[in-house]
Amino acid sequence: MDDVKNIKGMESLKELYKIGVGPSSSHTMGPERAAKIISLRYPDAEKFIVTLYGSLAKTGIGHRTDYIIRKTLSEEKTEIIFDTEKIDLPHPNTMRFQIVKNGNISADFTVMSVGGGAIRFLGEDVTPPPRPYNLSSFSDIADYCHKKDMRLWQYVEMVEGFEIWDFLQSVWDCMKNSVKEGIQAEGEIFGGLNVLRKAKQLYSYRHMDELAETKENRLVCAYAFAVSEQNASCDGKIVTAPTCGASGVLPAVLKYTQDKKKLSDSDILRALATGGLIGNIIKTNASISGAEAGCQAEIGSACSMAAAALAELYEMDMDQIEYAAEVAMEHHLGLTCDPVKGLVQIPCIERNAVAAMRAINAVNLANFLAGTRKISFDLVVKTMYETGRDLHNNYRETSEGGLAKLYN
């Protein structure tokens, strides 16, 4: 992994926001995509031997990696091997697919799940997704927008075309539905931690003397819990924003604000475009993978996206949007990824709610203090990436440190 990523341009927001079933974009969506490709290439295989390495091996059962691979390939013909010892890996989320025909291994592929559901086949000259964005830093994009007198969402529309709004509408519809279903669901989430769903309780509980601020916190948390519990339960579809594990932050902030301010879906779509641009910058220049850079790359990124999106809803200027996104990320720096038993439950669900409230606080600060900021968004993204590289492997989605080690 290089100290600084030297990537020109950015992919479409369609490669960032992905609709699917959780609990993990890296551990579930990515392996599922890889297995689908292998299945299509070798429909007559006698057997599939799939070896999981790194974080996929250490937390694969909790993340249901083995389940989704068997379901996609073949329950009867698939053997899963968990190799937790191999360390010379091209990526922390690496898997190997061996195809057996006539009793012999006829094909062998190494695949990396690089975050957000994206995968890479090692050694294959696969045509990468197009990069419609020529610019990839916030400073360059902001300069361009200033010169053209446009907002960030207008820049997204200019680059991606008007059809991006139909895509973002499908994203928002899925987010709203995951909130709706999540606040109605009850019961225990599978996995053995005996975690009960709490979204419905948060949503319906009203104190007789509830203040406006208390109600805001309660509802925002209820929405974040709702989506995160849907994700953890693999119950219904969610949107990676930017990942499954951080999928509750952005919809919680946007759903609450839409209801409070009676905003149209068009307003929300512009916010999604703005937040998506922030997520894209992080994904391109740093990482959105917990296995690569810790939970700061997932929850921190989601908080930045939500803060920028909310700042857009309040029609803040470019400096205020940048400040909100920067503050949201800066105060997640060093956040570890230590899911108990490899499940996206403790501390993941609650962490989504805390990050949603923090995004709102970041926007409140930006409203007053944007003119005094010293740290740019691009700098905090670079800092996050370097911090993630410095994190001990135990704190990068391996469930070998922190809460995952000490909780019993």
- Task: Determine ³J(HN,Hα), in whole Hz, for all residues of region 389-400 in sequence, where each value follows from phi through the Karplus function 6.51 cos²θ - 1.76 cosθ + 1.60 and θ = phi - 60°; x replaces Gly and Pro.
- Result: 5, 7, 4, 4, 4, 4, 10, 10, 6, 10, 6, 10
- Message: Suppose we look only past 17 Å in the calculated P(r) of region 232-277. What percent of the Cα-Cα pairs does that tail hold?
- Response: 37
- Give me the distance in nm between label points sitting 7 Å out from Cα along the Cα-to-Cβ direction at residue 83 and residue 264, one decimal. 5.6
- Given charges of +1 on the Cβ of Lys and Arg and -1 on the Cβ of Asp and Glu, with all other atoms neutral, how large is the dipole of the chain about its Cα centre, in debye to the nearest 20? 540
- Excluding same-chain residues fewer than 8 positions from residue 58, which aspartates and glutamates have a Cα within less than 13 Å of its Cα? 66, 83, 85, 338, 397, 400
- Task: Take the alpha carbon atoms of the chain, find their radius of gyration, then divide it by 2.2 N^0.38 Å using N residues; give the quotient.
- Result: 0.96
- Taking Lys and Arg as +1 and Asp and Glu as -1, residues besides residue 74 with C-beta under 15 Å from its C-beta add up to 0
- Task: Kindly write out, for region 287-298 in residue order, the coupling ³J(HN,Hα) from the Karplus curve 6.51 cos²θ - 1.76 cosθ + 1.60 (θ = phi - 60°), rounded to whole Hz, with x marking Gly and Pro.
- Result: 6, 10, 9, x, 6, 9, 9, x, 6, 4, 6, 9
- Message: With both bridge residues required to lie in the chain, what share of the DSSP beta bridges run antiparallel, to the nearest 5%?
- Response: 75
- Item | Anisotropy class of region 166-236 from Cα gyration tensor, a/c 1.5 cut | oblate
- Query: Charges only on Cβ, +1 for Lys and Arg, -1 for Asp and Glu: so what's the dipole of region 253-390 about the Cα centre, in debye to the nearest 20?
  - Reply: 280
- In terms of the charge dipole of the chain, which places +1 on Lys and Arg and -1 on Asp and Glu at the beta carbon, the residue among 135, 263, 190 farthest towards the positive end is 190
- Rg(Cα)/(2.2 N^0.38 Å) for region 236-381, N = residue count: 0.97
- Query: Using the alpha-carbon atoms, what tilt in degrees (0 to 90, nearest 10) does helix 265-285 show relative to the longest principal axis of the chain?
  - Reply: 60
- Item | Cβ-defined net charge surrounding residue 341, 13 Å radius [Lys, Arg +1; Asp, Glu -1] | 0
- Task: Straight distance only, please: which aspartates and glutamates reach the Cα of residue 215 with their own Cα at less than 16 Å, same-chain residues fewer than 8 apart left out?
- Result: 259
- Item | Added length on full extension, which subtracts the Cα-Cα distance from 0.36 nm per residue, residue 14 to residue 139 | 42.8 nm
- Sum of -39500 (n - 2.57) over DSSP H runs of 4+, divided by residues of the chain (222 nm, nearest 500): -15500 deg cm²/dmol
- Can you give the angle from 0 to 90° between the axis of helix 318-330 and the longest principal axis of the chain, with both taken from C-alpha atoms, to the nearest 10? 50
- Computed ³J(HN,Hα) along region 13-30: with the Karplus parameters 6.51/-1.76/1.60, θ = phi - 60°, integer Hz and x for glycine or proline, the list is 4, 5, 8, 9, 7, 10, 9, x, 9, x, x, 9, 5, 6, 9, 10, 5, x
- Query: Expressed as a whole number of Å, what is the distance separating the alpha-carbon centroids of region 62-101 and region 202-279?
  - Reply: 33
- In the neighbourhood of residue 331 defined by beta carbon distances under 14 Å, the net charge of the other residues (Lys, Arg +1; Asp, Glu -1) is +1
- Binned Cα-Cα distance frequencies in region 150-207 - 5 Å width, integer %: 4, 15, 14, 13, 13, 9, 9, 11, 9, 2, 0
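Read-outs throughout are calculated quantities, based only on the coordinates presented, and are distinct from any laboratory measurement. Here the structure is a predicted model, which is why all the values come from computation and not from measurement. Note that we place each Cβ from the backbone using ideal geometry, even for glycine, and neighbour counts take in every protein chain shown.
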